[in-house]
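The values are calculated or read from the model by the stated rules, or taken from the named source; none is laboratory data. Computed from a predicted model, the values in this text were never measured in an experiment. Positions of Cβ are backbone-derived with ideal geometry, glycine not excepted, and every protein chain shown enters the neighbour counts.
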Amino acid sequence: MGNPEHPKRRVAFVLIDGLGDVSLPRFGYRTPSQVAQMPNLDAIASAGVNGLMDPVEAGLACGSDTAHLSLLGYDPRVYYRGRGAFESMGAGLAMSPGDIAFKSNFATWDEKTGIVTSRRADRHFEEEGPILCEALDGMKMQSFPEYEVRVRYATEHRCGVVVKGSKLSGNISGTDPLKDNRLLLKAQALDNTDEAKHTAAVINELSKEISKILASHPLNAKRAAEGKNVANVVLLRGCGIRLEVPPFEKKHGLWPCMVAPTKIIAGLGLSLGIDILEAPGATGDYRTLLTSKATAISKALSAPLQSSPRVFVPGEDNHKPGRADGYDFGFLHIKAIDDAGHDKASIFKVKALEAVDRAIGQLARLLWQAESTGNFEYSLCVTGDHSTPVEYGDHCFEPVPFTVCKLKDFVDAVGGEMVVMGTSLDPFSLPTVESGEDLKDITSGEGRCTKQKAFSGDSVAEFNEIAAARGCLGRFPGSEMMGIIKKFLDLRA
């Protein structure tokens with residue numbers, strides 16, 4: 001246990017995937033973050049320091065994988081080797097040097113025309129996906145019998161695919177046309193090496209064999225009879241190899257853990273030596289149980305006062321005890337906001353942000369209970385990995401708000417200990433939005449009601465893109481984020 005005279009300093013880092021957005025006419029030319037009622041996030045902004053962050057660099061519309069690498073201090077220009085390894089490792093497939101992997105979709109294609117009619121066979125594929133993955137796992141290719149193929153279900157319509165063998169290159173293109181109603185692509189070498197050309201031939205053979213197995217699977221016959229899209233092809237994209245990088249703990253001096261049900265983020269964390277925590281009910285999609293995520297992170301950061309958490313590792317025996325004396329850096333990843341942006345669901349994005357705010361209130365209460373023992377001193381940090389504007393339905397280049405504060409300052413800013421300890425810990429998940437539902441207070445012009453005033457740090461009192469621009473941190477690239485967090489810990493100790 002810690003010494004009350006020298007409490008252990010620990011960070012709860014919350015990343016809201018796809019947080020950034022643009023002003024929407026239907027919201028009175030405000031962003032979803034400006035509209036959503038977020039008293040806890042506003043209190044963090046009020047209690048700390050703020051800024052606008054370009055996850056990789058200004059003007060770049062980045063993916064979650066490259067953004068996360070940049071934010072955690074690993075230059076994606078140096079270390080990025082494709083996202084396939086992240087998805088596959090996060091799904092539970094162990095990888096060795098020389099293996100290649102793909103971030104893959106179960107999709108629907110017309111064999112006669114060669115056109116992919118739907119890149120997502122079904123958003124809700126949790127029951128059928130594992131069955132199809134089992135049918136594909138360990139498959140053999142007639143032309144290349146020396147290669148081992150492993151397939152594991154990930155989330156929603158996605159799976160991880162790993163190919164093991166010699167003379168494989170990660171420098172090939174994939175088979176995914178990236179949009180519906182386009183021809184299924186053939187993998188091609190992206191350099192002139194014999195390894196890349198050979199690998200492309202292997203993957204094209206693999207794509208054909210996968211489709212043969214899926215087309216004859218009884219599950220697809222059942223889906224066709226029910227009028228559903230059949231999952232008769234796997235789109236192979238993001239070919240990658242396992243990263244060889246300095247572990248996060250050695251790079252930053254902080255022992256890290258992560259709650260990330262989204263397999264690609266979990267796999268990225270594993271690649272950086274970050275322990276992946278179990279959080280029952282956290283699914284990585286709209287149905288995720290946010291309370292479970294907050295509880296898992298708080299337990300990990302308050303050990304050894306609470307039972308040691310269990311962590312996930314790839315492979316057959318994929319669980320082990322967590323770090324007995326707790327972690328210094330707890331990373332809580334929340335995906336559903338990004339999904340709302342991709343689905344162009346403006347109302348849901350607002351409601352989902354409000355749900356995230358509620359979960360952060362729960363996290364603050366749990367951490368405050370631990371800090372009150374005198375053994376710990378916590379900081380709260382919140383940001384996003386990129387923008388996913390609902391107007392565009394895809395990632396874009398807008399910067400995202402960043403805020404960090406001391407937990408004790410948050411308690412004061414939110415109204416004191418009684419307010420924090422009065423936060424309900426009842427489990428909840430994301431809200432649903434009925435067809436045609438609207439936000440009457442927004443369309444009537446009333447909008448967000450913020451009573452927060454700047455408490456310390458700078459003049460910012462709200463958590464959104466516009467307010468963050470006034471923060472004392474200014475606008476900065478994501479590569480500086482870990483340095484800012486560590487400096488903040490030193491200055492505010």
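Of the residues Gly384, Gly374, Gly416, Gly393, the single one that is surrounded by fewer than 23 Cβ atoms within 10 Å (Cβ to Cβ) and either hydrophobic (A, V, I, L, M, F, W, C) or under 21 Å from Val356 (Cβ atoms) (or both) is Gly393.
Among residues that are in a strand (DSSP E or B), surrounded by fewer than 24 Cβ atoms within 10 Å (Cβ to Cβ) and of a type in the set (Lys, Arg), Arg26 is not included. The residues on offer are Val245, Val233, and the sole one that is of a type in the set (Val, Ile, Thr), buried (at least 20 other Cβ atoms within 10 Å of the Cβ) and either touching a helix residue (DSSP H, G or I) at 6+ places or on another chain (Cβ under 6 Å) or at pLDDT 95 or above (or both) is Val233. The condition (being of a type in the set (Lys, Arg) and either under 24 Å from Met95 (Cβ atoms) or outside the structural domain of Lys486 (by TED's automatic domain parsing) (or both)) is satisfied by just one residue among Lys299, Lys293, Lys250: Lys250. Here the strands (runs of 3 or more DSSP E) wholly within region 79-180 that include at least 3 residues being surrounded by fewer than 22 Cβ atoms within 10 Å (Cβ to Cβ) and touching a residue at least 60 places away in the same chain (Cβ under 8 Å) are 115-118.
It is to be established whether one or more residues within region 396-405 are part of a loop (DSSP other than H, G, I, E, B) and in contact with a His (Cβ under 6 Å, 6 or more places away or on another chain). If you could, list the steps in order and put the result at the bottom.
Taking region 396-405 first, the residues part of a loop (DSSP other than H, G, I, E, B) are 397-399.
Next, only the ones that are in contact with a His (Cβ under 6 Å, 6 or more places away or on another chain) stay: none.
No; the residues of region 396-405 include none that is part of a loop (DSSP other than H, G, I, E, B) and in contact with a His (Cβ under 6 Å, 6 or more places away or on another chain).
Results for (1) over 16 Å from Gly90 (Cα atoms); (2) among the polar types (S, T, N, Q), shown as yes or no for each residue.
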residue: Phe144; (1), (2): yes, no
residue: Val162; (1), (2): no, no
residue: Lys167; (1), (2): yes, no
residue: Gly170; (1), (2): yes, no
residue: Thr175; (1), (2): yes, yes
residue: Lys179; (1), (2): yes, no
residue: Leu184; (1), (2): yes, no
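Could you look through region 272-298, keep only residues that are among the hydrophobic types (A, V, I, L, M, F, W, C) and more than 18 Å from Leu367 (Cα to Cα), and pick out the one that is surrounded by the fewest Cβ atoms within 10 Å (Cβ to Cβ)? First the steps, then the outcome.
Keep residues of region 272-298 that are among the hydrophobic types (A, V, I, L, M, F, W, C), which gives 272, 274, 276-277, 279, 282, 289-290, 294, 296-297.
Within this subset, residues satisfying the condition of being more than 18 Å from Leu367 (Cα to Cα) are 272, 274, 276, 282, 289.
Numbers: Leu272: 22, Ile274: 24, Ile276: 26, Ala282: 27, Leu289: 19.
Here the residue is Leu289.
For every residue, the table says whether it meets (1) in contact with a Phe, Trp or Tyr (Cβ under 6 Å, 6 or more places away or on another chain); (2) of a type in the set (Phe, Trp, Tyr); (3) over 30 Å from Leu132 (Cβ atoms).
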residue: Leu15; (1), (2), (3): no, no, yes
residue: Arg30; (1), (2), (3): no, no, yes
residue: Ala45; (1), (2), (3): yes, no, yes
residue: Asn50; (1), (2), (3): no, no, yes
residue: Met53; (1), (2), (3): yes, no, yes
residue: Glu87; (1), (2), (3): no, no, no
residue: Asn105; (1), (2), (3): no, no, no
